[in-house]
Each structure stands twice: as structure tokens, then as C-alpha cells.
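Here the structure is laid out as C-alpha cells; the discussion comes afterwards.
The values are calculated or read from the model by the stated rules, or taken from the named source; none is laboratory data. Here the structure is a predicted model, which means the values were calculated and not measured. Neighbour counts run over all protein chains shown; Cβ positions are idealised from the backbone, glycine included.
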Amino acid sequence: MSNRLIEGIHLVKEYDGSRVVDNIDFWVKSKEFLTILGPSGCGKTTTLRMIGGFETPTSGDILLSGKSIVSLPPYERPINTVFQRYALFPHMSIYDNIAFGLHIKKMPKSEIDKRVSKMLSLVNLEGFEKRRVNSLSGGQQQRIAIARALVNEPQILLLDEPLGALDLKLRKEMQLELKYMQQDLGITFIYVTHDQEEALTMSDKIIIMNKGKIQQVGSPTDIYNEPENAFVADFIGESNIVSGIFKEDKVVEFAGTIFPCIDTGFARDEAIDVVVRPEDIEITADVRAQLHGVVDSTVFKGVHYEMIVIENEREWLIQSTIPHEEGKQVGLYIAPDLIHIMKKEA
Ligand SMILES: Nc1ncnc2c1ncn2[C@@H]1O[C@H](COP(=O)(O)OP(=O)(O)OP(=O)(O)O)[C@@H](O)[C@H]1O
Ligand SMILES: [Mg+2]
């Protein structure tokens, strides 16, 4: 038996002939935290709405435990959704908003009371039962929307940028809380965000999309350490990306210099992209220096210094705990395993 709980197969969505989701395949295991990450307009919400049953795919299929669910309406899927724009019932109290799904299931009042107050404490809004929706801040409303979805204990919860309206500090707290809730309640999460840090912090598995297509699927560390193309590398973190030539196995040329690396399997003299993370370039005065440049700027960023070094008109972004003064001549060294070689984007 396959351990795929939800599976998308050759999923396509077109609006007026233009493809916004372009033949994607993905799957998520039970109790997994899957994040769909990508820039605005890349098709994240559309993908989520197809899984939830609010949009019908133009072609392709969605399987739940191996059975197609595309013809099922949203309420017949064991799935709840927290929408990108919170959709609370404005004329109801907070209590009635959260209890809505439980009332429909005809749960006894005492049990509903218990669950509502448990959910309110989970989202840090104890005692808010009698408040009106429009007396709450955007962030509080969003937390109520999360509580309202979780209280039904769905097998799968879809969340569309649920923390987008919150300020940074609250967002960080809620990220951790959501992750705890997900593990605690054993719910499968499919989470949409355009915030790469949020995705890296929370997910078991990340799908990176651009222009309706999947660019890469992997664990946060896979995606961070081994981006498959320049789009992913650029999107997932600040990176130095330069064109290079793959000379032979474990040898690459860029910035007019030959570097040892650990990559194999590209063609001889193939044009490739080289990605180097800012924290992976060492500023050194010793003989190991492979490139030479001048420090153009140094800015303190709290944990480290961020420096721009100009080498032959190329800018290298470098992060280090040791600052170097502007105008100083420096050498740069990149260890072989910190040079990432990627196919040029088609
Ligand atoms: N009902 C619709 N009719 C026509 N075009 C649509 C419709 N819904 C979405 N689109 C288009 O499909 C593309 C993908 O939209 P989608 O909402 O899935 O993006 P997204 O990745 O969620 O973006 P964001 O991060 O801004 O929320 C966009 O170009 C959007 O304008
Ligand atoms: Mg969206």
C-alpha cells in the first residue's frame, strides 16, 4: 500500500485558456507538514482550492488514500480550509463562529463548550467567547479562523497564508504554535506561503512553485543546501549566482578561475550556474585565496556582518562574524563542498 494520503496527478488549471497551474504532480503523507512556497501569482491558492474542492481541475486528478475526490463537494472531503482572507461570520459571536461546524454535527452543548474553550486557549484568546468579530484585530480574527478550522479535527487542514496579517513577533509565535498543534493533533497540513523562512521553519516537505510549475520538492535542508536551479536558489535565500563552465567531474570554472568542487555528472564544458551562499565565502589573507577583491560595504546585521566585495566588477555578498573595513583588499576562499552547480534554467 502506498503511504500517500493526498496525491495530485498531472493537475492543470486554466482560466480563459491561460494555465495558472501547469501539470503538477505531488503527494503528501499522513501527518506530514507540506508547504507550497512560491512568489505571488504562481498558483498556490489555486492549487489549494482544487484540493479543498472549491475549484475543479481543468485536467488531472486528486486522490485521497488512492481514490479520486475531484467530483466530491468540499463538505464531503475530510478537509478543512483556513482561507487567505479570513472568512468569519461577522454577525456571530466568536463562540458561535468556532462552534459552527460542531453544531452542524449535532454535538452536545457541554462537549462544544469544552472544545471551544480549548481552541481559544490554543490560539491564545481565552475568554473571547462573547466578543463580536468586528471588535477583533486582523491578527485575532485570523487566529479565530484557525481555531474554527481545527476544532472540527479534520484529517487534513489546508492553510492559505494564515499568518500573513500578523506582525513579525506574533507570526513567529504562531508558527511554532501551529507546528505544535499539527504534531499534537496528528493532522496533515498543506500550508501555503510566499515566505521562505516560514516554509523552512515549519515544513517537513516543501514544494517550490513558479509560474504554475513545480521547481523543486524536498525537505527544508535539501532545498536550502541543494537548490536544483537558479530560481530556487535565489528564492530560498540570498545567494551569489554566477555563470560558469563545468570543466570535468569535480572541476568548475567561474569568475575566470578554476575551482575544485564535488559535483559530477554534467557534460564537459557545459554552461552551468554556480550558487554560493553568503555565509559560505571565507575572507582570508592566506595562500588559499582564490579570488581577490575590495570590500565595498560592511553592515552589521545583528548576528553577523554583511559585506559586499567587488571582484572584477562582480559583487560578492558575504556574511561573516568578523567585519572587514570598507576599501580593504581581501582574498576569498570557497570550500569545494560549498560550491553548488546547477543546470541553467530552460
Ligand atoms: N477565478 C480566476 N479567474 C481568472 N484568473 C484567476 C482566477 N483565480 C486566480 N487567477 C489567476 O491565476 C494566477 C494564480 O493565482 P493564485 O491565486 O493561485 O496565486 P497565488 O500563488 O496564491 O498568489 P498570492 O501569493 O498573491 O496569493 C494569477 O495570475 C491569478 O490572477
Ligand atoms: Mg494566494
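Being assigned to a strand (DSSP E or B), within 28 Å of the chain's Cα centre (by Cα) and either outside the structural domain of Ala149 (by TED's automatic domain parsing) or within 21 Å of Asp204 (Cα to Cα) (or both) narrows it down to one of Ile6, Ile51, so name that one.
Sole residue among the options that is assigned to a strand (DSSP E or B), within 28 Å of the chain's Cα centre (by Cα) and either outside the structural domain of Ala149 (by TED's automatic domain parsing) or within 21 Å of Asp204 (Cα to Cα) (or both): Ile6.
Report, by residue number, each residue of region 58-88 that is in contact (Cβ under 8 Å) with a residue 24 or more places away in the chain and under 18 Å from Val192 (Cα atoms).
Ile62, Ile79, Asn80, Thr81, Val82, Phe83, Gln84, Tyr86, Ala87
Could you identify the single residue in Tyr95, Tyr75 that is in a helix (DSSP H, G or I), touching an Asp or Glu at 6+ places or on another chain (Cβ under 7 Å) and either more than 16 Å from ligand 2 (Cβ to nearest atom) or more than 30 Å from Ile236 (Cα to Cα) (or both)?
After applying the criteria, what remains is Tyr95.
Out of all the residues in region 9-38, which are exposed (fewer than 14 other Cβ atoms within 10 Å of the Cβ) and in a loop (DSSP other than H, G, I, E, B)?
Kept after step one, since they are exposed (fewer than 14 other Cβ atoms within 10 Å of the Cβ), are these residues of region 9-38: 10, 15-18, 25.
Of everything in region 9-38, those that are exposed (fewer than 14 other Cβ atoms within 10 Å of the Cβ) and in a loop (DSSP other than H, G, I, E, B) turn out to be Asp16, Gly17.
Being within 16 Å of Ser59 (Cβ to Cβ) and β-branched (Val, Ile, Thr) is the filter here; which residues of region 17-45 pass it?
Val20, Val21, Ile24
Quick test for you: out of Glu126, Glu111, Glu161, pick the one residue that is at pLDDT 90 or above and within 16 Å of ligand 1 (Cβ to nearest atom).
Working: Glu126 fails: within 16 Å of ligand 1 (Cβ to nearest atom); Glu111 fails: within 16 Å of ligand 1 (Cβ to nearest atom).
Unique residue meeting the criteria: Glu161.
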